[in-house]
Each structure stands twice: as C-alpha cells, then as structure tokens.
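S.K.: Quick one: the structure is below, questions incoming.
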Amino acid sequence: MTTTLEKPARAEADENLLKPLYRINGNEHAYEVRVELPGVPKSGVSIDLEDNILTIRGKRAAGVPDGWKTLHSEIPALDFLLRLRLNTPVDEESLKAVVENGVLSVHLPVKEAARPRRIEIQ
Amino acid sequence: MKITRFNPSLNLGRVADFDQWLRNPFAAFPLMGQLLGDFAPAFTSGRPATDVHEDKDNYYACFELPGVKKEDLKVEIHDRLLNVSAERKEKNGEQESSLTLCRSISVPEGVNAEGISARLEDGILVVTLPKQEHRKPKLIEIA
C-alpha cells in the first residue's frame, strides 16, 4: 500500500501560522484525515481541494478577552494551516467533514477507478 | 509503504514548528509518526498546553484538549492543586484507541474553591477560579 497523503506540497511561506497536528487513517475505499484544531469553532474551519492539494485552515476564536492579564502562556495564539498533497484521486463530490471538540475529521473517498481490483483466478 | 526522503530544513526552520516539535517530536518524521500511529495515538502529547490568566475577579486556567468529550473529562481541586485528567477515545475502523491526558497546576492563594466553574468548548477547557473577596483589588475612596 502506498501512503495516499504526503508531506505539504511546498514549504509554507506564511510565518504566523501553525501547522496543526494531524493523523491519517485509511483503507482502499477511503481516507480519514484528523486534524487537531483546538480553539477553532466550526465557523473558523475552511477546507479546499484544488489540484490534488487539500488545504485546511483553522481560525481560532477571538483571543484573550480584554481585561485579562496573562500569567502563564503555552497555547500559541496562531491560526492553523495544513496543506497535504493527495497522490490518489478522491471523489470530491462525496468529501465529508465534521468538526467536533476541536478536531476536524475529513472523509476522503477514493475514486472508484483508483481502488484496487481483485482479479479472480480462473 | 512508500518511503519519502526526510528533509529537516523544511520542517525545523520556524519557531512555530519548533514549538510543535516540543509538543510532538515525531511530527517532523511523518513516516515514523504514522508507523507509531499504528501502535499508539502519538499525535498529541499526554500533557496538554496550558495558559493562566487573571482579571480583577477571577483566575482563568485554559487547557488544550482537542478531541476530548465532556463526559471523559475530570476536573478536581485538592489542596490548592487543580487536576485535569481526560481520556481521549478514538475510533479507527474497528480499532479503538485511547489516550490519557493530565495536567496539574497549583492554584494561587485566596481562591474560593466553592465557586470554581469549568467550560469545555472547541477542544479548550476554561476553568474559572473566583478570587476571594479580600484578594480582589479595592478601590480606595479619596476623601
């Protein structure tokens, strides 16, 4: 089996964006990309698929409220960007995405023609 | 499995990525990350990133807990130690995996333990710790 999704297509030029943690699972029918986008509401997520490049952007909800003084900080206040190049054709029409508890799941069904076929031995 | 060449200059050049490296040292090695992923959910560390803020009425402790459901989360206060523990369950086809996340932070003196509240939204837990009356800044009237 070859990995369907490779490293980002090109080095990211945008300095102020964070590459989210992500994981890919899949079988011959579909791939599932799970991207951690903590602090990003559903309305802040955008997904694009163009020229076999899947681009996921996550915009965090408004930062620290006015009047709050930060005493300790580990959570970066950066928005997220992830680009993945797909090396298997996927069925764009039936692409599905769900955001739940700060995790985006993108379901990418592999195009029928690209699925492996079992050949019956006569 | 296809082997791609590892190019560190692409991955370790930026501060943001370095920060990410601290959180997930295998992120720069996609292949290894994926191999490990077969055995353990390696894509988030067990120690969630935490911010602490204050305003005049409260302290606020924020924890990054993506993928954690409210029912799998426990927040406790014990002897000025705020403990957050969570279990993240994940389904990959028939396989199920889980990851335990926990973090303890010490709470400043003068917190009203009875009034502590917590809210989980978009993978971020915010614990609000109200300051006791005598810890709040007082405005002194000028006569």
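S.K.: Mind giving me the nanometre distance, one decimal, between the label points for residue A:27 and residue A:68, set 7 Å out from Cα along Cα→Cβ?
M.R.: 4.2 nm
S.K.: Over 21 Å between Cα atoms: which of A:69/B:138; A:111/B:89; B:56/B:138 fall into that group?
M.R.: With Cα atoms farther than 21 Å apart: A:111/B:89.
S.K.: Please give the charge dipole size of chain A, origin at the Cα centre, charges +1 on K and R Cβ atoms and -1 on D and E Cβ atoms. Round to the nearest 20 debye.
M.R.: In debye, rounded to 20, chain A gives about 220.
S.K.: I would also like to ask the following. Excluding residue B:72 itself, calculate the net charge of residues whose Cβ lies under 9 Å from the Cβ of residue B:72, where each Lys or Arg counts +1 and each Asp or Glu counts -1.
M.R.: +3
S.K.: Using the 10 angstrom Cβ neighbour count as an exposure proxy, how do B:63, A:80 rank, fewest first?
M.R.: A:80, B:63
S.K.: Given the options A:65, A:89, A:109, state which has the largest fluctuation in a GNM of chain A using a 10 Å cut-off (strictly under) for Cα springs.
M.R.: A:65
S.K.: Using the basic label-point model (7 angstrom from Cα toward the beta carbon), what is the residue B:140 to residue A:91 distance in nanometres?
M.R.: My value for the distance between the label points is 7.4 nm.
S.K.: Provide, for q = 0.16, 0.20, 0.31 Å⁻¹, the log10 of I(q)/I(0) from a solvent-free Debye sum over equal Cα point scatterers in region A:31-74.
M.R.: Evaluating at q = 0.16, 0.20, 0.31 Å⁻¹ gives log10 I(q)/I(0) of -0.60, -0.78, -1.16.
S.K.: Calculate log10 I(q)/I(0) of region B:45-143 for q = 0.10, 0.14, 0.19, 0.21 Å⁻¹, where I(q) comes from the Debye formula with a single equal point scatterer on each Cα and nothing for solvent.
M.R.: Values, matching the q order: -0.34, -0.57, -0.89, -1.03.
S.K.: Pick out which of A:55, A:88, A:70 has the largest mean-square fluctuation in a Gaussian network model of chain A, springs linking Cα atoms closer than 10 Å.
M.R.: Ranking A:55, A:88, A:70 by mean-square fluctuation puts A:70 first.
S.K.: Hey, what do the phi angles of region A:97-104 turn into as Karplus ³J(HN,Hα) couplings, whole Hz, using 6.51/-1.76/1.60 and θ = phi - 60°, x for Gly and Pro?
M.R.: 9, 9, 10, 8, 6, x, 10, 9
S.K.: Also, quick follow-up: Karplus couplings for region A:68-78 from phi (6.51 cos²θ - 1.76 cosθ + 1.60, θ = phi - 60°), rounded to Hz, Gly and Pro as x?
M.R.: Calculated HN-Hα couplings, in order: 8, 10, 7, 9, 7, 9, 10, 7, x, 8, 9 Hz.
S.K.: Using r as the Cβ-Cβ distance of residue B:113 and residue A:115, and R0 as 51 Å, what FRET efficiency do you calculate, to the nearest 0.05?
M.R.: E(calc), rounded to 0.05, equals 0.30.
S.K.: What is the Å³ per residue value for the convex hull set by the Cα atoms of chain A?
M.R.: Once divided by residue count, the hull of chain A is 128 Å³.
S.K.: If the elastic network links every pair of Cα atoms under 10 Å, which of A:82, A:104, A:18 fluctuates the most in the Gaussian network model of chain A?
M.R.: Maximum fluctuation in the GNM of chain A, among the listed residues, is at A:18.
The numbers here are math on the coordinates, done by the rules we state, and not lab data. This is a predicted model, so every value here is computed, not measured. All Cβ positions, even for glycine, are placed from backbone atoms using ideal geometry, and neighbour counts span all protein chains on display.
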